[in-house]
1. May I ask for the Kirkwood hydrodynamic radius of the chain, worked out over all distinct Cα pairs and given in angstroms to one decimal?
2. Looking at the square roots a ≥ b ≥ c of the eigenvalues of the Cα gyration tensor of segment 28-94, which shape do they give, rounded for a/c under 1.5, prolate if a/b is larger than b/c, or oblate?
3. Go ahead and set up a Gaussian network model of the chain, Cα springs under 10 Å, then flag whichever of V48, V89, V79 fluctuates most.
4. Have a look at G42, L81, A92 and report the one farthest towards the positive end of the charge dipole of segment 1-111, computed about the Cα centre with Cβ charges (Lys/Arg +1, Asp/Glu -1).
5. Trypsin sites (Lys or Arg not before Pro) within segment 55-88: which are DSSP loop residues with at most 16 other Cβ atoms inside 10 Å?
6. So how strong a dipole does the chain carry about its Cα centre when Lys and Arg Cβ are +1 and Asp and Glu Cβ are -1, to the nearest 20 debye?
7. How big is D for segment 77-123, in µm² s⁻¹ as a whole number, if Stokes-Einstein is applied with the Kirkwood radius of its Cα pairs at 4 °C and 1.567 mPa s?
8. Based on DSSP H runs of at least 4 residues, each adding -39500 (n - 2.57), what is the mean residue ellipticity at 222 nm of the chain after dividing by all its residues, to the nearest 500 deg cm²/dmol?
Amino acid sequence: QVQLVESGGGPVQAGGSLRLSCAASLITVSRYHMGWFRQAPGEAREFVAAITRITNITTYNESVKGRFTISRDNAKNTVYLQMNNLNPVDTAAYFCAAARSGQDLRVGVGDYWGQGTQVTVSE
């Protein structure tokens, strides 16, 4: 069974940093468009960042541009989300997704999803 396992979340103060990891099993992340999404309580799931499968082109939600960086380590079959200068509005559960279609991923349609990792940013 394909698994995407997120880790690296936790509590952090405003202005701090976290690095989320998404470790994949039974799929090769280099062959998929990979993305990060987040969902705050009572809110809809929101696109955060994505990286394309061949060209490694990255795209970001405007609200995180310049603060978050998505990357992929093919040797470790893992995708990362480096988050800097966090603020309370970034508080959410963060999910990793893999998709064969970059267009589908961008609108939140993924072939595989992780269970999420919670990020809580305090003042």
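Here, each number is a calculation from the coordinates, and none is a lab measurement. Note that the structure is a prediction, hence the values are computed from the model and not measured. Glycine gets a Cβ as well: all are built from the backbone with ideal geometry, and neighbour counts include every protein chain shown.
1. 14.1
2. It comes out prolate by the Cα gyration axes.
3. Evaluated over the chain, the most mobile residue of the options is V89.
4. Going by the charge dipole, the pick is L81.
5. Working: sites: K65, R67, R72, K76; in loops: K65, R67, K76.
Those that pass, being in a loop and sparsely packed, are K65, R67, K76.
6. 400
7. 106
8. Values: 1 runs with 5 residues, N = 123.
Computed ellipticity for the chain at 222 nm equals -1000 deg cm²/dmol.
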